Amino acid sequence: MNKNANQLFTVELMRFKSPLIEAILLKRSFRFLAEVTLKNKKRRMLYCPNLGSLPHCDVLGSRVWFSNPNRLSQGYLDIWELTEVDGGWLVFINQGYAGILVREAIEYHRIPELEGFRFLQSPMMPSFGHGIEMLLKENGEQCFIHSEPVLSASVRNEGYFPEEKGMGISALEELMALKAAGHRAILFYCIQHNGITCLRPADNIDPLYGIRLREAVTLGVECLAYRTHISLQEVTLGSAVPVLLTQETLGIKSGN
């Protein structure tokens, strides 16, 4: 079972500050609202923190979990955190936490490829577009990293990115420019679906992204993919999974 949220996490441990509540999804409206029914049959409207298409994560009748920010007097809705897909896999739907999960894993030495690096503090950090952040080693070595959340899986439980045409290309090209300038550049896929076993570019969704990704790797941009461990108490970055760059049509599940 799984979870996610915004101010409901302590950044140090990525734990929910309040228990998640189970419900059944009735419908998703305008991408940012979801109507659910509770075990007592009462209906409730939730805020959806992901404005993407959420393939296969907003299916009518799915089990979902939400958090209560305890700020209803200020007009805040409860927050949709997790959804169950394909009969048991959990997906952490808040894509805004990918960077936080990666940052926490680096700080707690959970990513061997980035051992010894630290993030620059926000006031010192240079401003880059498209979510590019800068890492630094004590010896002065620099590394630039961009995190992409992955929430979707094919029929073979292969994760894929992008979910929609046009996603991620600007950040990818900026990493390529940084690498060409002599810097270390990393594209980090944060897999927020605990059934995914590997990752592929979604060539049949956006062929251009697949082309540019393979060009980036040829230039020396590094691609890492790590799967999250999702429970109803916490979400943490876990083990690495392979990134497969061979061109292949994904068996993408039909429907949403």
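The values are calculated or read from the model by the stated rules, or taken from the named source; none is laboratory data. All values derive from a computational prediction rather than experimental measurement. All Cβ positions, even for glycine, are placed from backbone atoms using ideal geometry, and neighbour counts span all protein chains on display. Surface areas here come from the heavy atoms of the whole protein model, side chains and all, with no ligands, DNA or RNA. Shrake-Rupley method; radii C 1.70, N 1.55, O 1.52, S 1.80 Å.
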Task: Boolean, G52 is touching a residue at least 40 places away in the same chain (Cβ under 8 Å) and either touching a Lys or Arg at 6+ places or on another chain (Cβ under 9 Å) or β-branched (V, I, T) (or both) - done: yes
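Checking the structure you have, find out if any residue of segment 184-204 is among the basic types (K, R) and more than 23 Å from R110 (Cβ to Cβ).
Looking for residues that are among the basic types (K, R) and more than 23 Å from R110 (Cβ to Cβ), one finds at least one in segment 184-204, hence yes.
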TODO: Looking only at segment 32-66, count how many residues are in a strand (DSSP E or B) and basic (K, R).
DONE: 3
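For every residue, the table says whether it meets (1) open to solvent by 80 Å² or more (accessible area, probe 1.4 Å); (2) modelled with pLDDT of 95 or more; (3) closer than 25 Å to C190 by Cβ.
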{"residue": "N6", "(1), (2), (3)": "yes, no, yes"}
{"residue": "P19", "(1), (2), (3)": "yes, no, yes"}
{"residue": "L25", "(1), (2), (3)": "no, yes, yes"}
{"residue": "F32", "(1), (2), (3)": "yes, no, yes"}
{"residue": "Y47", "(1), (2), (3)": "yes, no, yes"}
{"residue": "N50", "(1), (2), (3)": "no, no, yes"}
Task: Among (1) under 22 Å from the mean Cα position of the chain (by Cα); (2) modelled with pLDDT under 90; (3) aliphatic (A, V, I, L, M) - the single one M124 does not satisfy - done: (1)
Open item on the list: Tally up the residues in segment 67-95 that are within 12 Å of H193 (Cα to Cα), modelled with pLDDT of 90 or more and either assigned to a loop (DSSP other than H, G, I, E, B) or of a type outside the set (A, V, I, L, M) (or both), please.
Closed with: 5
Task: strands (runs of 3 or more DSSP E) contained in segment 149-256 and holding at least 1 residues within 30 Å of N68 (Cα to Cα) - done: 158-161, 184-191, 222-230, 235-240
